[in-house]
Amino acid sequence: MIRLDRLELTLPSQAGDVQILKGLDLEIGGGETVSVVGPSGSGKSSMMMIVGGLERPTAGTVRVAGHSLGEMSEDALARFRRENVGIVFQDFHLVPTMTALENVAIPLEFAGRKDAFDRAAESLEKVGLGHRLSHYPGQLSGGEQQRTALARAFATGPKILLADEPTGNLDGETGRQVIDLLFELCQTDGSTLMLITHDPALAERCDRRVQLIDGHITDDGRAQATPSKAAARKAG
Ligand SMILES: Nc1ncnc2c1ncn2[C@@H]1O[C@H](COP(=O)(O)OP(=O)(O)O)[C@@H](O)[C@H]1O
Ligand SMILES: [Mg+2]
């Protein structure tokens, strides 16, 4: 589902070019849940942006859901993101001037769904926010905002769900509820999950743990992969 080959990312900065990703090789199968761990600044978010088609690699190849992202035009990349990727960020990234319902309807409208608002309401009901449709983000708690972001990310039935420290701004119990929901939605939809986290217990809940240090993958988690979890999920 996701395959990186010798992936490199170099970005310009005032002090000269910064090499951020230094030749990543990684393969993630359909339906796998993979955590990405590593020190701050090691390149986790950058890797995720490339997988999501939001950033282009400097060298190497990135294949996601059958698409070779490096070769695609901006239009094609935008379509790829719409059709395949859901993303959740630490700070929710909701549009403050839109209601929860409108926020969740955005990707559905972009996808040309005539029933965007009905489906958005369904998606919000699934995350337990059927009673908050017309609330603005500022009127929602942190946990509710992240659940709204989950509803938006899953509304289009993405093959791949990317989450960048989704519990980073939430207290422990709220974070756990959001994560339970995230895993439940991935399982129901059979989505592949790439989850950046600093929380070892959370990383442990995934099939595999990929470790990134200073722009290198130092452990791709294959050795400690638990196929039983993936198999159990498929069977169940
Ligand atoms: N747009 C950018 N231009 C230059 N350097 C960047 C840019 N974005 C991130 N970096 C640098 O790349 C490195 C990796 O960043 P990031 O992928 O955000 O790491 P992580 O998510 O693991 O904390 C950091 O040193 C960061 O300062
Ligand atoms: Mg980051």
Point to revise | Any hit, segment 52-72, residues being within 16 Å of ligand 2 (Cβ to nearest atom) and surrounded by 21 or more Cβ atoms within 10 Å (Cβ to Cβ) | key: yes
Checked against (1) more than 11 Å from ligand 2 (Cβ to nearest atom); (2) free of Cβ contacts under 8 Å to residues at least 60 places away in the same chain, Met49 satisfies every condition except (1)
Taking segment 23-51 and keeping residues crowded, with 17+ Cβ neighbours inside 10 Å and of a type in the set (D, E, K, R) leaves Glu32, Lys44
Contact list, first residue from segment 136-147 and at pLDDT below 95, second anywhere and among the aliphatic types (A, V, I, L, M) and part of a helix (DSSP H, G or I), beta-carbon distance below 8 Å, six or more apart or interchain, is none
Contact list, first residue from segment 67-85 and touching a residue at least 24 places away in the same chain (Cβ under 8 Å), second anywhere and of a type in the set (A, V, I, L, M) and not in a helix (DSSP H, G or I), beta-carbon distance below 7 Å, six or more apart or interchain, is Phe80/Met72; Arg82/Ala111; Asn84/Val64; Asn84/Ala65; Asn84/Ile160; Val85/Ile160; Val85/Leu162
From the option list Ile28, Ile20, Ile2, single residue qualifying as closer than 18 Å to Ile217 by Cα and within 16 Å of ligand 1 (Cβ to nearest atom) is Ile20
Per the list (1) in a strand (DSSP E or B); (2) away from ligand 1 (no atom under 16 Å from the Cβ), residue check on Leu11 breaks on (2)
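Mind listing just one residue for me: the one in segment 28-45 that is in a strand (DSSP E or B) and either without any contact (Cβ under 8 Å) to a residue 60 or more places away in the chain or in contact with a helix residue (DSSP H, G or I) (Cβ under 7 Å, 6 or more places away or on another chain) (or both) and, of those, nearest to ligand 2 (Cβ to nearest atom)? Break it down into steps so the answer makes sense when it comes.
Of the residues in segment 28-45, the ones in a strand (DSSP E or B) are 28, 33-37.
Adding the requirement that they be either without any contact (Cβ under 8 Å) to a residue 60 or more places away in the chain or in contact with a helix residue (DSSP H, G or I) (Cβ under 7 Å, 6 or more places away or on another chain) (or both) leaves 33, 35-37.
Working: Thr33: 19, Ser35: 13, Val36: 9, Val37: 11 Å.
The extreme case among them is Val36.
The values are calculated or read from the model by the stated rules, or taken from the named source; none is laboratory data. If you're wondering where the values come from, they're calculated on a predicted model, not measured in any experiment. Every residue, glycine among them, receives a Cβ derived from its backbone with ideal geometry; neighbour counts consider all protein chains shown.
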